[in-house]
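These notes are about the structure you will find just below.
Every number here is computed from the coordinates shown, using simple stated rules; none is lab data. Here the structure is a predicted model, which means the values were calculated and not measured. Don't worry about glycine lacking a Cβ; one is built from the backbone with ideal geometry, like all the others, and counts go over all protein chains shown.
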Amino acid sequence: MPVDAALRPRLERGEVVTDSEEGREGRKNARAQFLVAAPPEKIWAAITDYDHYKDFMPYTTESRVVRRTEDEVWFATALGFSLKTVRYTIHLKLDEPKRRIEWTLIDGDLKHNDGGWQLEPYGDEGDTFVTYWAHVTPLVALPSFIVNTVTRGSLPSLVEALRKRVDDWKYV
């Protein structure tokens, strides 16, 4: 997907552009689009380093690969918040040639958790245009505007954690 010309100046200033997009079954996905100053293969290595999410992803207190095949991963994680720890397992489908990952919830403390990553080369400097999207619905009934605000509000910290990890870590 080519980068929208209107987004280019914002992305090149380092902004994390967040919005909502139509997702599965009419649900709204929170979406973040941003640039990372690293090639797609380095970012791919970071975002597929599931066993180490607890070391760099915000709120993640546990991260463990349950099962792995060539292009699928079953991943169990826990996110620690001030009032509750949320545990869940997701099934990820990896398409490394297209640099695309999509996941769905298998079980856990959520009603829905679907999302994905898309990585695309950007410019001549070896940067990557990243799109991240997620739809999360807690088991406890909360107004959708609260869930959407929390989900979209967490995206910048996720992006900064990924950027820092790619800078600090020796992937690829």
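Using 0.36 nm per residue and subtracting the Cα-Cα separation, the extra length available between Arg67 and Glu102 on full extension is 11.0 nm. Using C-alpha pairs under 8 Å with a sequence gap of at least 6, the mean separation divided by the residue count of segment 16-168 gives a relative contact order of 25 percent.
Under a model in which nothing but the beta-carbon of Lys, Arg (+1) and Asp, Glu (-1) is charged, segment 16-168 shows a dipole of about 620 debye around its Cα centre. For segment 61-101, the residues whose backbone nitrogen is under 18 Å from a point 7 Å from the Cα of Glu120, taken along Cα to Cβ, are 95-101.
Counting Lys and Arg as +1 and Asp and Glu as -1 over every other residue whose Cβ lies under 9 Å from the Cβ of Tyr171, the net charge comes to +1. Only helices enter this figure: runs of n ≥ 4 DSSP H residues, each worth -39500 (n - 2.57), summed and divided by the residues of the chain, yield -7500 deg cm²/dmol at 222 nm to the nearest 500. Legend: calculated FRET efficiency, Glu12 to Lys93, from the Cβ-Cβ distance at R0 = 35 Å, rounded to 0.05, equals 0.65.
Neighbour counts of other Cβ atoms within 10 Å put Phe81, Phe75, Phe56, Phe34 in the fewest-to-most order Phe81, Phe56, Phe75, Phe34.
As a rough footprinting exposure proxy, the listed residues Leu92, Leu139, Leu7 were ranked by other beta carbons within 10 Å of their own, and the order from fewest upward is Leu139, Leu7, Leu92.
By other beta-carbon atoms within 10 Å, ranking Arg100, Arg31, Arg67 with the fewest at the front produces Arg67, Arg100, Arg31.
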